1. State the three equivalent ellipsoid semi-axes of the stretch 110-170, derived from the C-alpha gyration tensor as the square roots of 5 times its eigenvalues, in descending order and whole Å.
2. For n ≥ 4 DSSP H runs only, could you compute -39500 (n - 2.57) per run for the chain, divide by its residues and tell me the 222 nm figure to the nearest 500?
3. Hey, what do the phi angles of the stretch 273-285 turn into as Karplus ³J(HN,Hα) couplings, whole Hz, using 6.51/-1.76/1.60 and θ = phi - 60°, x for Gly and Pro?
4. Modelled label-to-label distance, residue 326 and residue 293, 7 Å Cα→beta-carbon offset: nm?
5. Restrict the search to the stretch 1-61; then list the trypsin sites (Lys or Arg not before Pro) that DSSP places in a loop and that have at most 15 other Cβ atoms within 10 Å of their Cβ.
6. Heavy-atom accessible area per residue, the stretch 42-147, 1.4 Å probe: how many Å²?
7. So for the stretch 26-178, averaging the separation of alpha carbon pairs under 8 Å that are six or more residues apart and normalising by length, what relative contact order in percent results?
8. Among 318, 287, 301, which residue has its Cα furthest toward the positive end of the charge dipole of the stretch 285-328, with +1 on Lys/Arg Cβ and -1 on Asp/Glu Cβ?
Amino acid sequence: MKKHNIIHVILTGGVGSRLWPLSRKSQPKQYLEIFDGKSLFELTVDRNRDIVDEVIVVGNTDNCNLSKAILDKKNIPYLDIVESTPRNTAAAIAFAAFAADPEDILIVTPMDHIIEGKEQYDIAVADAISKAKEGNIVTFGIVPTKPETGYGYIEAKGENVLSFREKPNLETAKSFIAKKNFLWNSGMFCFKAGVLLDELKHFQPKVYKRAKKVWEHSENGKLDLELSLEIPSISVDYAVMERSKKIKVIHSQFLWSDLGSFESVYDYLLSKGHPVDEHGNMVIGVQNYTAFIGMKNTILVATENANLVLQKEYSQDVKDLYNELENQHSELLN
């Protein structure tokens, strides 16, 4: 009887615009070695290394090259699927599923998360694999610790999903926490490759058909640009998760943070003993003596050719600055 593999699919998309100027197009946040000397990508690989048989990396040319350097250094065999243009997560996951055997179990993870509590993580993944073998599509819900407005939520009844909710305002987030049956949506999934593709074919036949065509015309994992542009750009949440009757959610107890802003990086670094002054001001990226006068909860981010000073509470607004620089075709984004 053929042994079916457990495959770790790592989605490497995104440039981390909310973490500019640390995060650049040539060195996105996922590859910054600012987490005890490791990058988020390396931490993601290490976390799953003893669980899986294979690794598939999906992303653009730059990200695949950065991933390659780390995987080669660790002597981990992998398949890289190089997207010629981003077509969102439904297509990215479909490519990985087409590359696998239909009975293979895929564990799909983004790589911009900090996860702590390896024992709890391994328990959640083992549970997910068990449910996936039964033909379910499993999503990982994180038991929330506070009313967070930066995350999507899953409304659950036991292991069944009642609804997916977009990022809420503070009042709504507080009501979710009070109800005690809402989980943070981690964006991590586990399923048989064939099951996911069947559901995608049923709910989004155009995405399925065009992604299949792109995969069939790929060369050594490199995807054709012209054909790729024909794929509708749709998230896997919208394409499958919010529609399928095969979804199960795991109430995960491990510590999880989506490092999508300087506020979350600040909180993480603070928990690791990174220095702040008596008013909560923090310096990231430079060792020079820095003094803050008349400021509280301010973050100074210093790089070779750009500095950023911001109030911690305004971390989400960095994206607006990034977009402004992008409109100016600024070299500072590269």
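1. On the way: eigenvalues 97, 56, 20 Å².
They are 22, 17, 10 Å, listed from largest to smallest.
2. On the way: 10 runs with 107 residues, N = 334.
Rounded to the nearest 500, the figure is -9500 deg cm²/dmol.
3. Karplus values, whole Hz, x for Gly and Pro: x, 5, x, 10, 7, 5, 9, x, 7, 10, 10, 10, x.
4. Using points 7 Å along Cα→Cβ, the separation is 3.8 nm.
5. Values: sites: 2, 3, 18, 24, 25, 29, 38, 47, 49; in loops: 2, 3, 24, 25, 49.
Here the trypsin sites (Lys or Arg not before Pro) that fit, given the DSSP loop and packing criteria, are 2, 3, 25, 49.
6. Numbers: 4070 Å² over 106 residues.
Dividing the accessible area of the stretch 42-147 by its residue count gives 38 Å².
7. Numbers: 125 pairs, mean separation 23.2, N = 153.
The normalised contact order for the stretch 26-178 reaches 15 percent.
8. Farthest towards the positive end: 287.
The values are calculated or read from the model by the stated rules, or taken from the named source; none is laboratory data. Only a predicted model underlies this, so the values are computations on that prediction, with no experimental measurement involved. With ideal geometry, Cβ positions are generated from the backbone for all residues, glycine too; neighbour counts draw on all protein chains shown. Areas reflect the complete protein model, heavy atoms only, side chains present, ligands, DNA and RNA absent. Shrake-Rupley method; radii C 1.70, N 1.55, O 1.52, S 1.80 Å.
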